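Since the structure comes first, as structure tokens, the remarks are kept for the end.
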Amino acid sequence: MRWIDVEEFVLEQIKQRLENASAANPAEVYRQFREAYEPLKDFEKNISYDLPLTGEAYALKYHLQRMDNMKVALNRVHNVRPLLASDRNFVLDIGSGTGASAMGFMRWLNSTCDVQQKQVKVTLCEPSEHMRIVSEQLVPAFKEKLGLGPNSQFSIYPRNLEECAQKCEREDSPFLDLAIFCYTFWIQRRDEWPSTTKHVLEIAKAVKPNGTLVFLTPKSNAAKPSYQKVLFMQHLKRELVNAGFNHLEIDSPSGYHPGQSTCVQRRPDYDAKWPKPVCDLISQMLQSPPLEGNDRPYYSFSATIDAFSPKDGE
Ligand SMILES: C[S@@+](CC[C@H](N)C(=O)[O-])C[C@H]1O[C@@H](n2cnc3c(N)ncnc32)[C@H](O)[C@@H]1O
């Protein structure tokens, strides 16, 4: 599927949701959208995912970039260590949000594996109802659009990191082929680090010897509050290495390189009669032309990729 079709698909789905929501009271939906979008503008703060329309606002602002970045990241990791090496593969996507990481995974799967042969069961875990309901619409519809058959299954649960860790602990033996943490970590107080680390280590223990953990964390400036997420990831890296995991050398693409690839000519249309913040957001999102390329981000690559494998799986 071409990237332009992915953009059109996501925009159309969100447009439908906003139109359905605004049928009875457009002014109220406009107000709720603005309220939900406002905190998303500042990723330097801890965002609340608990407002109505947070999922729609997040999907318009970040979903396509995250999807794109996830596919590129999985390509990069797969080149270093083949992913989904088992016959039946189990994947956990923790903090799955509106489904962007899972949809990036689907595109990667579709372009890399024989989806008719490979069995893949993906569990998306998302505690925020407002994010989850958007993923409940986007993920199955995208799966159908991509033509992924019954061998690829996606389930979405209202679980948080702690519950995922508890579920992993209850398993008798490692069962996970891939654990994805795509911008999952929030800005935590230092006294919360040990419990978050403990839960991640419990999930890591459930990773099979040939399995992999993949983390995307924001690139960030040391002067900004979000740098705490980078510091937390550095801490987690030390803890995972101490617990016997290999940190894989993965090269993160360095941002956006116009001129190195061909721009696609057409961009999706959007309806200018939508409320202004929605139009502004869409036009802002579509400002930078996406780039065609195999392993190049269409959007700027805003993450650092960290990947780990169990040591005995070398
Ligand atoms: C920045 S969003 C990333 C969403 C998605 N992975 C993506 O890349 O677009 C972070 C997500 O993590 C979720 N989250 C927050 N606290 C969490 C926790 N304790 N356990 C699991 N997910 C959590 C939020 O609800 C939110 O949807």
>> Looking for something closer than 28 Å to K118 by Cα, of a type outside the set (A, V, I, L, M, F, W, C), within 15 Å of the ligand (Cβ to nearest atom) and touching a helix residue (DSSP H, G or I) at 6+ places or on another chain (Cβ under 6 Å) - is there at least one such residue anywhere in the range 28-44?
In response: no
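One line per residue, one yes/no per condition, for (1) at pLDDT 90 or above; (2) among the β-branched types (V, I, T); (3) under 17 Å from I187 (Cα atoms); (4) buried (at least 16 other Cβ atoms within 10 Å of the Cβ):
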position	(1), (2), (3), (4)
A206	yes, no, no, yes
G211	yes, no, no, yes
P218	no, no, yes, yes
K224	no, no, yes, no
F232	yes, no, yes, yes
L236	yes, no, yes, yes
V241	yes, yes, no, no
S252	no, no, no, yes
R266	no, no, no, no
> Taking the range 137-173, which residues are within 16 Å of the ligand (Cβ to nearest atom), surrounded by fewer than 16 Cβ atoms within 10 Å (Cβ to Cβ) and farther than 22 Å from V200 by Cβ?
Replying inline: none
> Right, R17: charged (D, E, K, R), assigned to a helix (DSSP H, G or I), within 12 Å of the ligand (Cβ to nearest atom) and closer than 21 Å to P140 by Cβ or not?
Replying inline: no
>> Name the single residue that is nearest to the ligand (Cβ to nearest atom) among those in the range 174-189 being in contact with a helix residue (DSSP H, G or I) (Cβ under 9 Å, 6 or more places away or on another chain) and not in a loop (DSSP other than H, G, I, E, B).
In response: C182
>> Can you confirm whether R107 is in contact (Cβ under 8 Å) with a residue 24 or more places away in the chain, basic (K, R), touching a helix residue (DSSP H, G or I) at 6+ places or on another chain (Cβ under 6 Å) and within 10 Å of the ligand (Cβ to nearest atom)?
In response: no
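The values are calculated or read from the model by the stated rules, or taken from the named source; none is laboratory data. Keep in mind the model is a prediction, meaning the values are calculated, not measured. Every residue, glycine as well, gets a Cβ built from its backbone with ideal geometry; the counts of neighbours run over all protein chains shown.
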